[in-house]
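The values are calculated or read from the model by the stated rules, or taken from the named source; none is laboratory data. Everything numeric in this text was worked out from a predicted model, so none of it was measured. A quick note on method: Cβ atoms are made from the backbone with ideal geometry, for glycine too, and the neighbour counts reach across all protein chains shown. Only protein heavy atoms, including side chains, enter the accessible area calculation; ligands, DNA and RNA are left aside. Shrake-Rupley method; radii C 1.70, N 1.55, O 1.52, S 1.80 Å.
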Amino acid sequence: MTDFYDFLDALEESVFEEKPVEIEEFVMERDYLGLPPLSDYQYQMIKASTQIYKRETLHELYGEAEAEKRWTQTCNEVIFQLGKGSGKDYISTIACSYLVYKLLCLKDPAAYYGKPPGDSIDIINIAINAVQANNVFFKNFKKRITHSPWFAGKYDAKAGSVAFDKNITVHSGHS
């Protein structure tokens with residue numbers, strides 16, 4: 001009986017409502033995005049763009065060695081500098097989807113980052129003009145979300161934004 005109570009205590013202490021899956025599973029499994037596998041470079045770009053957890057959270061998820069490896073790969077800024085047709089827009093829609101997914105896996109994303117519980121978290125994609133903002137990034141981002149069973153019932157799509165549960169909103173803007 002003690003093991004059961006230890007399990008319940010561990011759940012209470014965790015910052016997670018749901019343990020997040022790895023990017024490869026998120027991309028390929030039908031429960032998430034159900035897309036074809038990406039190249040190693042594409043996965044590397046997404047991982048660099050979406051490592052949002054604190055060091056101690058990484059330890060909780062992966063253990064010390066893997067957590068420290070991931071922590072050293074944490075980036076504050078990521079620039080996709082690749083040629084025309086390389087999939088930058090495609091990768092950015094997947095990365096943004098995965099970022100939102102990882103936030104939604106937290107019990108209270110705002111409180112996790114030291115904001116008042118339930119406070120909003122806004123993610124914005126900036127394009128050089130309205131056509132690019134709506135037709136390149138945002139249309140395809142919404143496609144990723146609407147075709148994903150995991151996101152079903154967790155968002156409300158509007159003209160220039162998608163409002164998710166837990167006060168997370170993705171905006172598409174332009175200069």
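With contacts taken as Cα pairs under 8 Å and at least 6 residues apart, the chain reaches a relative contact order of 23 percent.
Sorted into 10 angstrom bins from 0, the C-alpha pair distances of region 62-164 split as 12, 38, 36, 14, 1 percent. Rounded to the nearest 20 debye, the dipole size of the chain about its Cα centre is 1200 debye, using +1 on the Cβ of Lys and Arg and -1 on the Cβ of Asp and Glu.
Annotation: amide H-H contacts under 5 Å for Ile121 (H modelled 1.01 Å from N, sequence separation of 5 or more, or interchain): Ile168, Thr169. DSSP finds beta bridges in the chain, and of those with both partners inside it, around 55 percent are antiparallel. For the set Thr169, Thr146, Thr72, Thr57, solvent exposure ranked by accessible area (probe 1.4 Å, protein chains only) runs largest to smallest as Thr72, Thr146, Thr169, Thr57. Against the chain, whose longest principal axis comes from its Cα atoms, helix 40-50 is set at around 70 degrees.
On a per residue basis, the chain carries 58 Å² of accessible surface, using protein heavy atoms and a 1.4 Å probe.
Legend: residues Glu24, Glu29, sorted from most to least accessible area (1.4 Å probe; ligands, DNA and RNA excluded), read Glu29, Glu24.
Bridgeable lysines around Lys139 (alpha carbons under 23 Å apart, same-chain partners fewer than 8 residues away excluded): Lys47, Lys84, Lys88, Lys102, Lys154, Lys158, Lys166. Taking a sphere under 12 Å around the Cβ of Ile94 and counting the other residues whose Cβ falls inside, with K and R at +1 and D and E at -1, yields a net charge of +2.
Working note: Karplus 6.51/-1.76/1.60 with θ = phi - 60° gives region 153-161 the couplings x, 10, 7, 9, 8, 10, 4, x, 7 Hz, where Gly and Pro are set to x.
Taking other residues whose beta carbon is less than 14 angstrom from the beta carbon of Lys142, and scoring Lys, Arg as +1 and Asp, Glu as -1, yields +3. Compared with the dominant Cα axis of the chain, that is its longest principal axis, helix 2-13 is turned about 40°.
Once the chain from Glu64 to Ile79 is taken as fully extended at 0.36 nm per residue, the excess over their C-alpha distance is 2.6 nm.
Share of carbon and sulfur in the accessible area of the chain stands at 52%, probe radius 1.4 Å. Candidates Asn129, Pro109, Thr57 compared by Cα position along the dipole of the chain: farthest toward the positive end lies Asn129, with charges placed on Cβ.
P(r) tail for region 63-113: Cα pairs beyond 13 Å make up 73% of the total. Please identify, among Tyr98, Tyr155, Tyr41, the residue showing maximal mean-square fluctuation in a Gaussian network model of the chain using a 10 angstrom Cα cutoff. Of the options given, Tyr41 has the highest mean-square fluctuation. Couplings for region 88-93, taken from phi via the Karplus curve 6.51 cos²θ - 1.76 cosθ + 1.60 with θ = phi - 60°, read 4, 5, 4, 5, 5, 5 Hz in order; Gly and Pro are left as x.
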